[in-house]
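Here is the structure we will look at, set down as structure tokens.
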Amino acid sequence: MKPVLPDIRKIAVFRAVQPGAMLCSIPAVRALRNTYPQAHITLVSMPWAATLLQRFPEYFDDFIALPGIPMNKENFEDFAAHMRFENFDLLLQLQDNSAIINTLMFQLGARHVAGFSHDEGLVDSGMFINYPDHAPEILRQLALVNALGIDTQGSSMEFPVLPGDKQEVNRLLLPVYEKSYVVIHPSADQWPPAYFGMLADYCIEQGYTLIITGAKDDQPLIREIRKCIHHPVIDLTGQLSTGALGWLIRNAFLFITNSTDITQLAAATATPSLTISLRHDTYKWAPLNRKLHKTIDWNNDTHIETVFTLAVSLMQQQQSLLRKTG
């Protein structure tokens, strides 16, 4: 392993993604913090990610928001001037292997820039690695920091609970208690509403309260799903922050979704999950713990029987565990 870079006092971590994908970077940032415990680490991301300073204060010290979308020359120059003023010792590009992004990174004034590249857009730097095309996202991130001589601190994910998360859920006065409910979170990557309905009915008939969550924009889809469910449910579509959703998932008996982004919350809170993925890169986003989290690549297996088999298996596994732990 190569030696770590010396005299690293200010680090910028560039990662512009949605919440679930951001959680896949936490193991890499944890390793970074362990190697450079006194460094000032700044997260450079989309505006929503400013909340991560409160959720991960031991990993992030500061935040810089990316310029507006669409990015134009003026707002990029303002952003770049801010970055150059900060005079970072290391800029870690954890986004992807985009030649455009890499070109921009070298305009931000950092003493060292590290990240991903590819054969067609090779970066002439020993601090870039070829993007691992067929690896899970967490392991891609860890491969980069490891190439910088940084010892990894495991691949486990984290989603610390904040007091406001629980308070937000408590204000809803839900008639449930820990492990007494199943959360279903449909997303715009449409999976047949009737199949969601079948899974919901099965969970309810096993004695669990069914809670539906989702983004506000998914309300039309969820209305169609509710038409396929033959029992009462609790519909919280569009009502929860990411933190409150994480708290709700943490205390659920089981989490079911077709969102490979939101399933990362289940992985980070160690809640058994069943994910029906319609993505072409399911391998990238499937949680690493394959015993606790089951992921179906719907592009290759479109049998509802497979989904039910895995759902029943997860429920039996969880019931057995809860009996043992009392």
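The values are calculated or read from the model by the stated rules, or taken from the named source; none is laboratory data. Just so it is clear, the model here is predicted, and its values are computed rather than measured. All Cβ positions, glycine included, derive from the backbone under ideal geometry; neighbour counts span all protein chains shown.
Results, tabulated for the structure shown:
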{"item": "Some residue of region 282-303 being assigned to a loop (DSSP other than H, G, I, E, B), β-branched (Val, Ile, Thr) and free of Cβ contacts under 8 Å to residues at least 12 places away in the same chain", "result": "yes"}
{"item": "Some residue of region 168-182 being of a type outside the set (Ser, Thr, Tyr) and in a strand (DSSP E or B)", "result": "yes"}
{"item": "Unique residue being in contact with an Asp or Glu (Cβ under 9 Å, 6 or more places away or on another chain), assigned by TED's automatic domain parsing to the domain that holds Asp281 and in contact (Cβ under 8 Å) with a residue 24 or more places away in the chain when the list is Ala188, Ala200, Ala215", "result": "Ala188"}
{"item": "Qualifying position, being surrounded by 21 or more Cβ atoms within 10 Å (Cβ to Cβ) and either more than 20 Å from Glu305 (Cα to Cα) or among the acidic types (Asp, Glu) (or both), among Gly214, Gly207", "result": "Gly214"}
{"item": "Qualifying residue in region 241-249 (condition: buried (at least 21 other Cβ atoms within 10 Å of the Cβ) and either hydroxyl-bearing (Ser, Thr, Tyr) or more than 25 Å from Ile26 (Cα to Cα) (or both))", "result": "no"}
{"item": "Where Ser25 falls short, out of the listed (1) surrounded by 15 or more Cβ atoms within 10 Å (Cβ to Cβ); (2) over 21 Å from the mean Cα position of the chain (by Cα); (3) of a type in the set (S, T, N, Q)", "result": "(2)"}
{"item": "Tally, over region 169-183, of residues that are farther than 15 Å from Gly238 by Cβ and in contact with a strand residue (DSSP E or B) (Cβ under 8 Å, 6 or more places away or on another chain)", "result": "6"}
{"item": "In region 125-180, residue surrounded by the most Cβ atoms within 10 Å (Cβ to Cβ) [restricted to those that are over 13 Å from Leu245 (Cα atoms) and of a type in the set (Phe, Trp, Tyr)]", "result": "Phe128"}
